[in-house]
Amino acid sequence: MRGRWKLVVALLAFALVAAACGDDDDTAATTAATTAAPATTAAPGTTAAPGTTAAPATTAAPAEILTDVGVDLDAGVIKVGLLSDLTGVFGALVSPIVVGHEVYWDDVNAKGGVNGLTVELVIEDTEYLVDKHVQLYEELKDDVVAFGHSTGSPHTVAIREALEEDGIFAIPLTWYSGWSDPAINANLLPHGVPYCIEAMNLLDYITTTEGGTKVAVVSLPGDYGQDSAQGAKKAIDALDLELVYDGEGQIIPGQDLKPIADAIVASEADIVFITGSPGNVPEIYGQAIAQGFVARWTGALPSWNPAYIAPGSPIKDAIERDWLGDSYIALWSSPGAAVVRDLVATYRPDQTPHDFIGEGVVEAIIMHQALLKAYELGDMTQAGLVAAAKSIANLDFGDLAPPEDYVSAADDRLQRTSAVLFKPSQADLAAGGTGVEIIETNYVSPLAESYVFEETCFSI
Amino acid sequence: MTVAAAERSRTVQWIGATAVGAAILAAVLIAWKGSELLLDATANGLSLGAIYALLALGFVIIFKATQVVNFAHGAIAALGAFFVAYFATVLNFPGRLATGLPAWLQWSLSVVVAVFVIAFAGLVIERVTIRPMVGEPLFAIAMVTIGLDIVVRTVTVDFIGADPRPLGDPWAASTRELGSVTVADTEIVTFFAALVLVAAVAWFFRSKTGVAMRATAFDQEAARAQGISVGRIFAISWMIGAALAGIAGVFSSLFPRAATGVGPTTAFFAFRAFPAIILGGLDSIVGAVVGGFAIGLAESFAGAYFTWSGLGSGFAGIVPYLVMLLVLLIRPYGLFGTEEIRRV
Amino acid sequence: MRGRPNLYVSYEAEQSLLPTWTQRIAATLVVLVLVLIPLGGGLEVGESSFRPLGFLADADWLKILTQVGIFAVAALGLNILTGVAGQVSLGHAFFMAIGAYTAAVLGGEVGAEGFFGPRWGMGLPIWIWLPAAGIIAALIGMLVAPTAVRVRGLYLAFVTLGLVFIGEWAYRTFVSITGGSQSGREFPGFEIRLWKEETPLLDLTRDGPSWLVVNWVDWLLGPWINFPDEMSEEAKTFLFVLILAVVFVVLAKNLQRTRIGRSFMAIRDRDIAAEIMGVGDAKAKLQAFAISSFYAGVAGALFAAFVGRLIPESFNLFLSVQVLAMILIGGAGTVAGTLLGSSFVILLPRLVRDFSSWLTETVEEGSGVLAWVGDFFVSTGQDDWGLVSTASGLTPGLSVAQLNAVLYGALIIVFLIFEPLGLYGIWIRIRNYWKGWPFTY
């Protein structure tokens, strides 16, 4: 009995292997054929978009509109996917961004939708896990026309090639400088000043207005922290500053961070450039000021959290004195964010104010423009939307965010403008704002202005 | 010489040897980087070790009495810290009933109330999920606590909300000079509170219930035969374990360690105490305290002295595990753990 | 004598892989059904098509099933160590990482440049890197095994837990292998080459003709059954992983009736007694760690190749716990239980997610009793109070994602309280009930 069973297994295995080796020629041949066009495109030759310039806000209906996935003309529905980190490490920041998307599309739909089509969001929680992100992308790509955002750089890099192969575009919810590099970005449409350039703006502004020459740089490992830290180091070189402590990639979440604080204190820095998360920045800051250390502290936007100056926070007075930050979009209290405040007041009156709601609105505006453009071109397939989005040469967000360009060469399209520079303000928080005092709007430092972008500051 | 006397003299020898070793180490470190760094690292290590000791103590009490490896310990700690934040800042209870009291006493009363709540939560957890598993394989119960960890942690994160919650302690960011080092007031409070709690636990084990608990840990059936309610002992040990975890959660969420209070990652802090638990021995109360402080000091010293970049970032974080591994290879049941008697 | 389940007339019969006909038929049916899934979830016979499992042939379901297969291999490995040999390990993620990074170094792109300098990759074909992933992991496992002779029980579990944390430091430090913390690197894909030639012999990473059903099968069954001409990359990958998983299942099942397997069980049940009977404690533990780590290494390499790009933080304690959950929920010590457990742990989050989206849809749009009842539990906005909130942002109540997590944890608890021997225990209970039916015993 045992022998026979073994024979069957062996035969089965052999058959499968033989089958596997059988027809390699066919595989190669059709592989070439199938990669050229996405699986279900209705008609050939639709991907070539004419090189048109700016898209008008409203568009005339073309005679016929091509659709494949995610757009149902009969039901009048457009489905847009969001790969959001709702419960992972950046959950607290991404949740309000999703609210931004929701209020924007609530408004668009209430006013007649995108040329009569209602936009529906399909929101999935990636938990900031790469494998989960990839899996959810595979689930959503057969359901949605494009991705309103994709959270996290390693996560977005993991689906980058698939986006290109499947002919779908996505808006990266990360400000990694690589998204401005055509070699990396493919079908990704970023916006806002990247971490690397942001660091230049901050250090240039601080050294020009307040002085200081000794800089300590501390960051998380990976694209976020190290892109930012690399920008800071470029600024230190260019501005002739002194790097007194190099803590690039030294913040390891879940470990005692006092040694980093000790190193910062020992370096006697005038400026501390720290790029971490709201979980570890206060720990390092707290351990440093516990030793009586005073300096100017600054860093990438996600390092900042209004909870630092919330009533009851032990560090509220110290950090109000020490912090100076910037933002990729207009913050809640800026004049430019009036549109966000109006949307929230209309559609989510009970929502707590949050600076990142505006980020969701900005992403939704990019998606809206791409949809309008695709409608105008008569091709609302996934691939058609890619072409339409990539032909947007001048996308104006009003005062909400600096304008974007998705046509020009990398160096020309690179965003160099920080939408605002701010200092923490307990008074603003008490008055119902998000705790910031805006000191500059649409700031471009001379250093960032003259910086020639050849390749990403940090490659992953 | 009697057996007890021999044991006592062995203990004295051990303490003596440890003291001599520590003195030599201190001398070497002072010669290397000066006394200020040594004192600073010691202060940090003691306050860190105090938190580890409290976590380890709660864990060991639960394990000793019920043979349950509690993976939900960190989640319970975070929940306890949340209750303190809720009572002290949102409800201002019981501070609002006694406005004349000093701030530190008001806050301590909030902590006491929160500790009772978290102890009750421990009781509920034991009754609902652990009691039905009595007599089942050790690792099936451990798996239940992993399920518990997911549930309690998620609910706690939902309670906390998007942003971390400050605990409303009166010390905030105040610091003081102790000789040549600056120490945060909260660190001093943590250290002495841990000492008081350890003393309280030691005293408790000499009380009638404590003796019953030790008897249960020794042999459940024999304890039952002596009229001890084993079920009640299980409940009490979970209440004490949860309470100690909750207090450790509070101290791990104070300035300067977590300057903005209890947040979504507070629950993971307890994983850092695992080497302390193992180092001392899973079922030893003394071991939990010694292990806690030893690991706290080892981590702090590694952070202060192992700064050579060739070791890569975060080497200090794995030093507790290396110490644990080394000790286990020499003493397989930890420093103070009971050696399992292996019979055929 | 026929048809009596527990009556064996020869040692050979008792020791066979599948001792009863019921088991043989069930196993064959399971494999057949699994093979049918990538073929479209059923068959097309003549004009009529019969696709009861058509929904499983979707790309996303195939991906999940592939993951089940990969984690089944990992869990089978841990089952050999923990279930059969009784050595509890929380370090499985570490061995999976060893496998994944061995695959990355051997099979990775040649001359790739990372930010931290050259990224190691030798561009070797899959038939080298996949077995090598297992072998290197097995060697590392053999280095760890001696600790298991010295350190026992729960203490061993925590020693292996230490491996995971020490591993995390190592991945951060050896950036030319791992690509660095939070950055990660690309892993070689499922492309079968003879050597380093340009076009692979067989490319599982692209859609194309169905390579399983070659001319001779088509010639044999073609007149009656229509096989699909095209196969998606997901279907191909699933088939590939399925074949490997079946091989590993047979090997694991077979191990339990070999001398080595029985020595594992002797060590598990009473190590001193085993030693007295001439079963070497150290030798058996060395073998157990080696075999288990081999499984883990292969599973790690498969997982990395399947996802394509991973950050080192993916191989964390949670992964170890997940694999341990598979064997404990399934029923430690049994191959069938391990397979049930890995299906359960991988499929559960997806099923829970589908359930909660169905629930919220019913409440928001539906009418009738169900929606009315559901409305008590679900809140749709700030003013509405309920256990679960479907609105995003900061509303009272659990978010849908949090509900998923709570249900996941609660189901683990409920299952184990209901049946501490796991899913396999439930199965035994059902089987025993029907064995004696209509009598109680």
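The values are calculated or read from the model by the stated rules, or taken from the named source; none is laboratory data. In this text, all values refer to a predicted model and were calculated from it rather than measured experimentally. Reconstructed Cβ throughout: ideal geometry from the backbone, glycine too, with neighbour counts over all protein chains shown. Accessible surface is based on the protein model in full, side chains and every heavy atom, while ligands, DNA and RNA are left aside. Shrake-Rupley method; radii C 1.70, N 1.55, O 1.52, S 1.80 Å.
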In square angstrom, rounded to the nearest 10, how much accessible surface does C:M265 have for a 1.4 Å probe?
50 Å²
Rounded tilt (10° steps) of A:153-166 against the dominant C-alpha axis of chain A
30 degrees
Arranged from highest to lowest average of other beta-carbon atoms within 10 Å per residue, in what order do the peptides A:265-274, A:289-298, A:236-245 appear?
A:265-274, A:289-298, A:236-245
Would you mind getting me the FRET efficiency between B:L178 and B:L311? Use the beta-carbon distance for r and R0 = 41 Å, nearest 0.05.
0.85
Estimated FRET transfer efficiency (A:A431, A:E210; beta-carbon r; R0 25 Å; 0.05):
0.45
What lysines sit close enough to A:K79 to cross-link, taking a C-alpha to C-alpha distance under 17 Å and skipping anything fewer than 8 places away on the same chain?
A:K141, A:K373
Based on Cβ point charges of +1 for Lys and Arg and -1 for Asp and Glu, what charge dipole magnitude is obtained for the protein assembly as shown about its Cα centre, in debye rounded to the nearest 20?
7240 debye
Protein accessible surface hidden between C and A, which excludes ligands and nucleic acids, total in Å², probe 1.4 Å
4400 Å²
Per-residue average of Cβ from other chains inside 10 Å of B:324-335
4
In whole angstrom, how far apart do the alpha carbon centroids of the range A:90-155 and the range A:442-459 sit?
29 Å
Provide the packing ranking of C:51-59, A:129-137, A:346-354, B:136-144, i.e. peptides ordered by the mean count of other C-beta atoms within 10 Å per residue, highest first.
A:129-137, B:136-144, A:346-354, C:51-59
Which distance in Å, rounded to a whole number, links the C-alpha centroids of the range A:298-331 and the range B:229-279?
29 Å
Under the Karplus curve 6.51 cos²θ - 1.76 cosθ + 1.60, θ = phi - 60°, whole-Hz ³J(HN,Hα) for the range B:83-99, x wherever Gly or Pro sits
4, 4, 4, 5, 5, 7, 9, 7, 8, 6, 10, x, x, 5, 7, 9, 5
Take the cross-link list B:K64/C:K253; C:K253/C:K283; C:K63/C:K283; C:K253/C:K285 and give me the ones stretching past 29 Å between alpha-carbons.
B:K64/C:K253; C:K63/C:K283
accessible surface per residue for chain C, probe 1.4 Å, DNA/RNA/ligands not counted, whole Å² -> 44 Å²
Which percent of the accessible area of the protein assembly as shown is formed by carbon and sulfur heavy atoms (probe 1.4 angstrom)?
63 percent
Given a Förster distance of 56 Å, report the FRET efficiency between C:D281 and B:L105 from their Cβ-Cβ distance, rounded to the nearest 0.05.
0.45
Lysines within cross-link reach of A:K423: Cα-Cα under 25 Å, excluding same-chain residues under 8 positions apart?
A:K214, A:K233, A:K234, A:K316
Accessible-area value, B:V319, 1.4 Å probe, nucleic acids and ligands omitted, Å²
20 Å²
How do the peptides B:29-35, C:359-365, B:126-132, A:187-193 rank, highest first, by the average count of neighbouring beta carbon atoms within 10 Å per residue?
A:187-193, B:126-132, C:359-365, B:29-35
Environment charge of A:A229, counting only residues whose C-beta is closer than 14 Å and scoring Lys/Arg +1, Asp/Glu -1
-4
Skipping prolines and chain starts, which residues have an amide H placed within reach, meaning under 5 Å, of the one on A:E440, given they are 5 or more residues away or on another chain?
A:L421
Based on C-alpha coordinates, I'd like the Rg and Dmax of chain C, in Å.
24.1, 72
So how far, in whole Å, is the C-alpha centre of the range A:368-405 from the one of the range A:256-286?
41 Å
With the crude spin-label approximation of a point 7 Å out along Cα→Cβ, what separation in nm comes out for B:L123 versus A:V452?
7.5 nm
Counting Lys and Arg as +1 and Asp and Glu as -1 over every other residue whose Cβ sits under 15 Å from the Cβ of A:E404, the net charge comes to -3
Per residue, how much accessible area does the range B:50-268 have with a 1.4 Å probe, in Å²?
38 Å²
How big is the dipole moment of chain B about its Cα centre under a simple scheme where the beta carbon of each Lys and Arg is +1, that of each Asp and Glu is -1, and everything else is neutral? Debye, nearest 20, please.
680 debye
Lys and Arg at +1, Asp and Glu at -1: neighbours of A:L241 with Cβ under 12 Å from its Cβ sum to -2
Average other protein chain Cβ within 10 Å of Cβ, residues A:146-156
2
Chains A and B: accessible area buried, summed over both chains, 1.4 Å probe, nearest 100 Å², reads 2100 Å²
Pull up the cross-link candidates among the aspartates and glutamates for A:K258, meaning alpha carbon to alpha carbon under 17 Å and not fewer than 8 places away within one chain.
A:D246, A:E248, A:E268, A:E283, B:E36, B:D40, B:D185, B:E187, B:E299
Can you tell me the dipole magnitude for the range C:84-200 around its Cα centre, using point charges on the Cβ only (Lys, Arg +1; Asp, Glu -1), in Debye to the nearest 20?
500 debye
Other chains' Cβ within 10 Å of C:406-412 residues: what's the mean?
6
Percent antiparallel among DSSP beta bridges confined to chain C, nearest 5, equals 80 percent
Among DSSP beta bridges whose residues both lie in the protein assembly as shown, state the antiparallel percentage, nearest 5.
45 percent
Using +1 at the C-beta of Lys and Arg and -1 at the C-beta of Asp and Glu, which of C:A290, C:G180, C:F264 has the Cα lying farthest in the positive direction of the dipole of the protein assembly as shown?
C:F264
Area accessible to solvent at A:E440, 1.4 Å probe radius, in Å²
70 Å²
